[in-house]
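Below you'll find the structure I mean.
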Amino acid sequence: MAWNKGLVLLQQGRYAEGWPLYEKRWLVKRSIRKPRHAQPEWTAGVPPAGQTILLQAEQGFGDTIQFARYAMLLQQRGATIILEAQRELLRLLASLPGVSQLVEKGAPLPAFDWHASLGGLPWAFNTTLQDMHSPHRYLAADPELLARWRGRLGPAGAPLVGIAWRSSPIDPGRDVPLEGLLSVLPPGLRYVSLHKDLHADDLRLLADNPHVLHLDGEIADFADTAALCELMDLVVSVDTCTAHLAGALGKQVWILLKHVPDWRWLLDRPDSPWYPSARLLRQQAHDRWEDVLAEMGRRLAALQRAAAPH
């Protein structure tokens, strides 16, 4: 199948071959539908200068965060950008340079000349491993939310580590068991859950671990999560939207990956060209998190020792 071949090529870093086949997602992914408009679809052959281009989120929150960087490129080439995105991301995306107007997904659309789906823009811009078309960071936390969450976290002390251990229900194989993660967290650091709407099982485990602060009932949307990430000294996350958010903010983030990862994390390398601040910790065997968690624990212990008073 062309779609699967495209994912394999992208996973191998063979982007020139993989991006055209990535367009086959419209034929096989039931969760997304190709937008239909009277206006034409923008392609790389159309000069964007002087045009109003509607960019539309099409997949999950992480995909939207990852591909939103391309709005800046179109704006730099003279286009006026309207971005349609999920409601939960709108306050966050207000910090994205180059966007003239944000529209909630499904709401009435303003006038535009062309439209494009976010997932098709890497191909349109000939994205390669050497050129991700993005600065080190392209999103920012809201200053008012930063002040609010700084007060909520209390006085500065030991380094703050944000943690996220659950991913999408679509792929539970990305999840790290919370009990195992808690068992390798060294003392001497402050830990903050970056999850919204925690599972009952997780809440029971956290009740016995007061050194992990959970704020799920206080987090409204990704703008709050962004402010929390910005206040962390380190974010540790499985392959979920929190990892993309931390990377887009330019925060130091360790991403815990299953043995066969999603295409965007490539293979065998410890870093990500999409997010220069990310470091990747990979399973060495299917469904085996013990080695990943042990390595994470060793790195956290080193962080704690470096921060300890001498």
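The values are calculated or read from the model by the stated rules, or taken from the named source; none is laboratory data. Everything numeric here is computed off the predicted structure, so don't read it as measured data. Backbone-built Cβ (ideal geometry, glycine too); neighbour counts: all protein chains shown. Just so you know, the surface numbers come from the protein's heavy atoms only, side chains and all, with ligands and any DNA or RNA stripped out. Shrake-Rupley method; radii C 1.70, N 1.55, O 1.52, S 1.80 Å.
Tell me which helices (runs of 4 or more DSSP H) are completely within the stretch 72-178 and hold 1 or more residues being among the small types (Gly, Ala, Ser) and within 22 Å of Leu54 (Cα to Cα), or say none if there are none.
Hits in the stretch 72-178: 121-124.
Further question: Picking from Leu90, Leu109, Leu83, which residue would you name as being surrounded by 21 or more Cβ atoms within 10 Å (Cβ to Cβ) and either of a type in the set (Phe, Trp, Tyr) or within 28 Å of Asp142 (Cα to Cα) (or both)?
Leu83
Continuing with the same structure: Any chance the stretch 1-22 includes a residue that's touching a residue at least 60 places away in the same chain (Cβ under 8 Å), under 20 Å from Pro135 (Cβ atoms), open to solvent by less than 70 Å² (accessible area, probe 1.4 Å) and within 19 Å of the chain's Cα centre (by Cα)?
No - not one qualifying residue is present in the stretch 1-22.
Considering only residues of the stretch 257-310 that are among the polar types (S, T, N, Q) and under 30 Å from Tyr15 (Cα atoms), which is farthest from the chain's Cα centre (by Cα)?
Restricting to residues being among the polar types (S, T, N, Q) and under 30 Å from Tyr15 (Cα atoms), the top hit is Gln284.
Being open to solvent by 50 Å² or more (accessible area, probe 1.4 Å) and either assigned to a helix (DSSP H, G or I) or in contact (Cβ under 8 Å) with a residue 40 or more places away in the chain (or both) is the filter here; which residues of the stretch 195-214 pass it?
Result: Ala200, Asp201, Leu203, Arg204, Leu205, Ala207, Leu213.
Just need a number here: residues in the stretch 33-59 that are within 20 Å of Thr127 (Cβ to Cβ) and either of a type in the set (S, T, N, Q) or in contact with an Asp or Glu (Cβ under 9 Å, 6 or more places away or on another chain) (or both).
The total comes to 7.
Which of the numbered conditions does Gln75 fail, given that it passes all the others? Conditions: (1) surrounded by 19 or more Cβ atoms within 10 Å (Cβ to Cβ); (2) under 18 Å from Leu93 (Cβ atoms); (3) free of Cβ contacts under 8 Å to residues at least 60 places away in the same chain.
So the condition that Gln75 fails would be (1).
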